[in-house]
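Single-structure report; data block below.
Bear in mind these aren't lab numbers, they're just calculated from the coordinates by the rules spelled out. Note that the structure is predicted; figures quoted are calculated from it, not measured. Cβ placement follows ideal geometry from the backbone for every residue including glycine, while neighbour counts extend to all protein chains displayed.
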Amino acid sequence: MALKTFILGLITFSSLSLQAQESTIWQDFKTAKSTGVTPVLPDFSYAGYRYSEEAIPTVNYKVFDVTSFGAVPNDNISDKKAFISAIAAAEANGEGIIYFPKGRYLFNTANDDQQVIRISGSKIVLRGAGNGKGGTVLFFDKDLPPANPKQMWSVPMAINIGAKGANKKLADVTANAPRETHIIEVSNASKIKAGDWIILEVTNNSPELIDYDLKGIKPDTSWASLIKKGVQVNERHQVAKVDDNKLMLVEPIHYDVQAKHHWTVLGFAHLSEVGVENIVFEGNWLKKFVHHRSAQDDSGWSILSLNKSVNSWVRNCTFRNVNNGLTIGASAACTAIDLVFEGNMGHNSVDAAGGSTGILLANITDLTGMHHAVGVGGGSTTATVIWRSRYPENTCFESHSSQPRCTLLDQVTGGLSDGRAGGAIFNMPNHGRNLVLWNYKQLGAARKNFEFWPAKSIWWKIVPPIIVGYHGAETTFNKNQVQVLESLGKAVQPESLFEAQLELRLGKLPQWIAEEKKKMKEQDNLAEK
């Protein structure tokens, strides 16, 4: 019955929102954009591959078929060496599609080494023959050992995609800049040009800055990272134009910059145009999950990480019987879309983490009820959009402390729990400024006077969020712990804040949005049957 309710909630969501009224805070955003004042809502419209202005491409690079390098599907012999050889050939070519024809491929067997499979070149795409029946399955037989046996979260991802280079300081910030604007002034822009990717960074434990960051809430003495190291912001941006020592950024910044706090600009070492598509990633996690029982529970079968990348993607993939599915770390303008999590419940599904900026997590379907559903990790992750995704009532969005900020859950269907966010005490709070829940449809039992900063819990601390159009279960909220609470119990227009902001910025929605929503509707119709 719970699964039937879950599916029905997805199908009826859009029909309910047709009856909604236009949101007041949305009107404020439109007015602010036209008059040049700072809106209450952040501008999330730049999230995703190439700022969501165009569809993810189906590239036609040279194909490196793993069977040409010794891989044989369905033979129960490891294909790890063949995969690594295909990667080396594609990287030596400067670009390439590493192709897995249909069938089951085997990795991390008892006879394999325990090394991570690494990709460190741009324009490399892992492509399978589909994530449905008769497609491509990459099966990971054994879990890798933890990097530190005392740290249960330290099992590495089996496949790691990311740049090798280091970020380098380029300049200091010399002038204040308000959030949701595009210009920062620096000490010396001679090493920066249009098209470059930078990191706008600060680490400062000024009591004044901490007070701003927490909106006046006093930090707990156990929050060592915030109190000792300080507020940490790592926004990744692309430079649109350089005018003397002024940098005009493509995307708006999302934090009020005060030069007195010693902000700096770093060059961002990254890959670009990397993709993973049309593959089932299957682990061998078959035990009942117990949080923090063992390294295997917490991170045993950790599958895929996309790090230090821009304009890259993961799409049309299924993760089955895994502990950790996908993390996008220290990246910008990337999309993970049309992902399914099935099989045995594990630890994490998919998150944006490591100081990523502008990551779009779209149409994520978690059928397992992972301990942490789709969400955000730490490292000062900013401007993440979780769009039209769903998970069961027994779990909740991830918000894994270490200073994530400015996150949009847009037309998300799932549970609400104050015990599933994640994060160590010394890295609290779970989420900083500007968490936005837009037309969130809650499954499961209603909560009365739900708190985002409860006095009795040390594991659930979220700076007062913006909640608009929250409906489904008849949950109420402690109004002293929300920044904005509008239209509780009834969805609002626009139905999707991300789509509305994107349309406002571009003048019309890109065609891929309509195509994706059509795919979602077909998916819901199949679920109903």
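So which aspartates and glutamates can residue 81 reach, going by Cα to Cα under 18 Å and dropping same-chain residues fewer than 8 places off?
Within the straight-line limit of under 18 Å, residue 81 reaches these aspartates and glutamates: 65, 91, 112, 113, 141, 143.
So how compact is region 207-251: Cα radius of gyration and Dmax in angstrom?
15.7, 44
Taking just the alpha carbons, could you work out the radius of gyration and Dmax for region 361-428, both in angstroms?
When restricted to the Cα atoms of region 361-428, Rg and Dmax are 11.4, 33 Å.
Applying the Karplus parametrisation 6.51 cos²θ - 1.76 cosθ + 1.60 with θ = phi - 60° to the phi angles of region 303-312, what ³J(HN,Hα) value in whole Hz is obtained for each residue in order, glycine and proline being reported as x?
Values, residue by residue: 9, 9, 10, 10, 10, 6, 9, 10, 6, 10 Hz.
Could you run the Debye sum over the Cα atoms of region 379-529, one equal point scatterer each and no solvent, and tell me log10 of I(q)/I(0) at q = 0.11, 0.17 Å⁻¹, two decimals?
-0.45, -1.03
Reported to two decimal places, what Rg/Rh ratio describes region 285-437 when computed on Cα atoms with Rh from the Kirkwood expression?
0.93
Where nothing but the Cβ of Lys and Arg (+1) and of Asp and Glu (-1) is charged, how large is the charge dipole of region 426-503 around its Cα centre, in debye to the nearest 20?
440
Placing +1 on the Cβ of each Lys and Arg and -1 on the Cβ of each Asp and Glu in the chain, which of 475, 313, 362 has its Cα farthest towards the positive end of the resulting dipole?
475
What number results when the radius of gyration of region 240-359, computed over Cα atoms, is divided by 2.2 N^0.38 Å?
Expressed relative to 2.2 N^0.38 Å, the Cα Rg reads 1.34.
Please name which of 67, 426, 44 has its Cα lying farthest along the dipole of the chain towards the positive end, using unit charges on Cβ (Lys, Arg +1; Asp, Glu -1) and the Cα centre as origin.
426
From the cross-link list 30/518; 123/164; 133/521; 80/102, which pairs have alpha carbons spaced over 18 Å apart?
Those over the limit are 30/518; 133/521.
Charges on Cβ only, +1 for Lys and Arg, -1 for Asp and Glu, centred on the Cα centroid of the chain; of 120, 457, 303, which one is farthest towards the dipole's positive end?
457
Hey, fewest Cβ within 10 Å first, where do 152, 428 land in order?
152, 428
Using the Kirkwood radius built from alpha carbon pairs, what does the Stokes-Einstein equation give as D for region 37-148 at 20 °C and 1.002 mPa s, in µm² per second?
Using the Kirkwood radius from Cα pairs, D works out to 132 µm²/s.
In vacuo Debye scattering of region 398-439, one point per C-alpha: log10 I(q)/I(0) at q = 0.25 Å⁻¹?
Calculated log10 I(q)/I(0) at the listed q: -0.92.
If each of residue 212 and residue 191 carries a label point 7 Å out from its Cα toward its Cβ, how far apart are those two points in nm?
Distance between label points: 2.6 nm.
Rounded to whole Å and sorted largest first, list the principal axis extents of the Cα atoms in the chain.
62, 61, 49
About the Cα centre of the chain, how large is the charge dipole given +1 on each Lys and Arg Cβ and -1 on each Asp and Glu Cβ? Please answer in debye to the nearest 20.
Roughly 480 debye for the chain.
Give the span of region 168-267's Cα atoms along each principal axis, as three whole-Å numbers ordered largest to smallest.
43, 25, 19
Return the subset of 169/461; 191/246; 218/479; 33/508; 229/461 for which the Cα-Cα distance in this structure is over 23 Å, preserving the input order.
169/461
Arranged from highest to lowest average of other beta-carbon atoms within 10 Å per residue, in what order do the peptides 237-244, 459-466, 84-91 appear?
459-466, 84-91, 237-244
Quick check on the exposure proxy: order 127, 104 from fewest to most C-beta atoms within 10 angstrom.
104, 127
To the nearest 20 debye, what is the magnitude of the charge dipole of region 168-267 about its Cα centre, counting +1 on the Cβ of each Lys and Arg and -1 on the Cβ of each Asp and Glu?
300
Which ordering of 50, 420 is given by a fewest-first count of other beta-carbon atoms within 10 Å?
By the 10 Å Cβ count, ascending, the order reads 50, 420.
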